[in-house]
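The values are calculated or read from the model by the stated rules, or taken from the named source; none is laboratory data. This structure is a prediction, so every number in the text was calculated from the model and none was measured. Neighbour counts run over all protein chains shown; Cβ positions are idealised from the backbone, glycine included.
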Amino acid sequence: MNTTDHTTDHGAEAAPGRIVLLTTSHRVAPGLLSWPAWQALHAADLVLCADGAHPQLPYLREAGVAVAEAAPSAEELLDACAGGRTVVVVATGEGEPALTDGLARLAGSGRVSMPELELLPASYDLPGARLLDLVQVMDRIRAECPWSSRQTHEGLAKYAIEEAYELVESIEAGDRGELREELGDVLLQVVFHARIAEDDDEEPFSVDDVAGGIVAKLIHRHPHVFGDASATTPEEVREQWLRMKAVEKQRASVTDGVPLGQPALALAAKLAFRARTAGLTVPLPDRQDIGYTLLALATEAESQGTDPEAALRAAARTYRDAIKKAEQTP
């Protein structure tokens with residue numbers, strides 16, 4: 001057939017047919033396709049796929065859809081549609097750019113009668129679907145990278161702290177690009193530690209266990225969202241959260257669970273917060289040295305709703321700028 005002159009022997013133009021490019025997401029389980037996709041597959045005169053190992057093919061064939069392994073050119077695809085036939089192309093992961101470019105070239109030439117062209121997404125990514133890519137990439141790195149395969153929770157601990165500080169710095173600087181990048185670095189630490197935990201012989205757990213745990217916690221501590229409780233202000237939500245947390249943890253002291261290894265100002269403010277929310281009146285130690293002076297300032301800041309750690313960092317940045325200015329002064 002002459003691909004540039006799709007006509008019948010009687011001179012009448014042949015029905016151009018229809019081409020459906022069916023796209024799927026590798027982040028959705030194979031076989032879970034939309035109803036319009038299944039309708040198009042079963043109604044097609046011909047179903048083609050260039051990748052014989054495409055994960056969807058076993059499920060399509062099991063559903064009675066005959067799929068031919070072929071990678072036709074744009075001209076060959078137009079010939080396959082001659083006479084009003086419908087051809088469905090199951091796209092590979094790359095999305096068939098050569099084929100779509102060829103079809104666009106033919107359409108732009110104005111010399112051929114083009115079939116109806118349809119892009120039909122058969123499965124969609126849900127929000128958060130790219131997290132599956134991260135898990136898969138981390139799994140391969142853990143298995144194949146000489147450095148990553150030897151890492152432990154203890155060895156990576158310092159990086160979690162560094163990345164958290166860099167995240168805070170990006171927030172305080174107001175840099176949106178840096179914020180997105182640093183959030184990714186923090187997320188990497190979570191996924192990396194979860195992957196290491198899978199290799200534990202005694203108490204293994206996975207990133208799904210981590211996610212499942214925090215989902216259960218969030219639902220339980222938000223009864224005003226997922227249950228019948230009522231909380232109409234941020235203060236009521238906070239009080240409800242703290243009350244439920246106290247019941248869950250069953251701590252002997254309000255200071256239990258406060259990490260003593262955190263920066264000193266943040267530690268002092270956290271202890272003051274715990275005491276205040278528990279309704280305790282605890283006088284500060286009456287000693288005259290710089291440590292207790294800083295303790296008094298930190299507790300005062302906390303009572304006023306100021307984060308002393310952030311306040312000191314802001315002041316330190318101003319001091320740094322003053323030092324740089326002094327260095328430039330003759």
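For this structure, a couple of remarks:
- Looking only at residues of the stretch 102-130 that are farther than 29 Å from residue 29 by Cα and of a type outside the set (Gly, Ala, Ser), we find that the one that is surrounded by the most Cβ atoms within 10 Å (Cβ to Cβ) is 115.
- Where residue 305 falls short, out of the listed (1) out of contact with any Leu (no Cβ under 7 Å at 6 or more places or on another chain); (2) among the small types (Gly, Ala, Ser); (3) assigned to a helix (DSSP H, G or I): (3)
- Among the residues of the stretch 112-119, at least one is of a type in the set (D, E, K, R) and either touching a Pro at 6+ places or on another chain (Cβ under 8 Å) or assigned to a helix (DSSP H, G or I) (or both).
- Elements of type helices (runs of 4 or more DSSP H) contained in the stretch 172-254, each with 3 or more residues being without any contact (Cβ under 8 Å) to a residue 12 or more places away in the chain and surrounded by 12 or more Cβ atoms within 10 Å (Cβ to Cβ): 176-198, 207-220, 234-249
- All of (1) touching a residue at least 40 places away in the same chain (Cβ under 8 Å); (2) farther than 26 Å from residue 171 by Cα hold for residue 269 with one exception: (2).
- Evaluation of residue 108 against (1) part of a helix (DSSP H, G or I); (2) touching a Phe, Trp or Tyr at 6+ places or on another chain (Cβ under 8 Å) (one fails), failing number: (2)
- Within the stretch 149-168, being of a type in the set (Asp, Glu) and without any contact (Cβ under 8 Å) to a residue 12 or more places away in the chain holds for 154, 162.
- Number of residues in the stretch 291-322 that are closer than 22 Å to residue 275 by Cα, of a type in the set (Val, Ile, Thr) and without any contact (Cβ under 8 Å) to a residue 12 or more places away in the chain equals 2.
- Within the stretch 38-69, tally of residues that are out of contact with any Pro (no Cβ under 8 Å at 6 or more places or on another chain) and part of a helix (DSSP H, G or I): 10
- Positions within the stretch 131-148 being loosely packed, with under 14 Cβ neighbours inside 10 Å and free of Cβ contacts under 8 Å to residues at least 60 places away in the same chain, in sequence order: 136, 137, 140, 143, 144, 145, 146, 147
- Of note, residue 92 satisfies the criterion of being of a type in the set (S, T, N, Q), in contact with a Cys (Cβ under 9 Å, 6 or more places away or on another chain) and touching a residue at least 40 places away in the same chain (Cβ under 8 Å).
- In the set (1) closer than 19 Å to residue 28 by Cα; (2) under 24 Å from the mean Cα position of the chain (by Cα); (3) not basic (Lys, Arg), the condition left unmet by residue 91 is number (2).
- Yes/no for residue 89 being assigned by TED's automatic domain parsing to the domain that holds residue 23, at pLDDT 90 or above and in contact with a helix residue (DSSP H, G or I) (Cβ under 6 Å, 6 or more places away or on another chain): no
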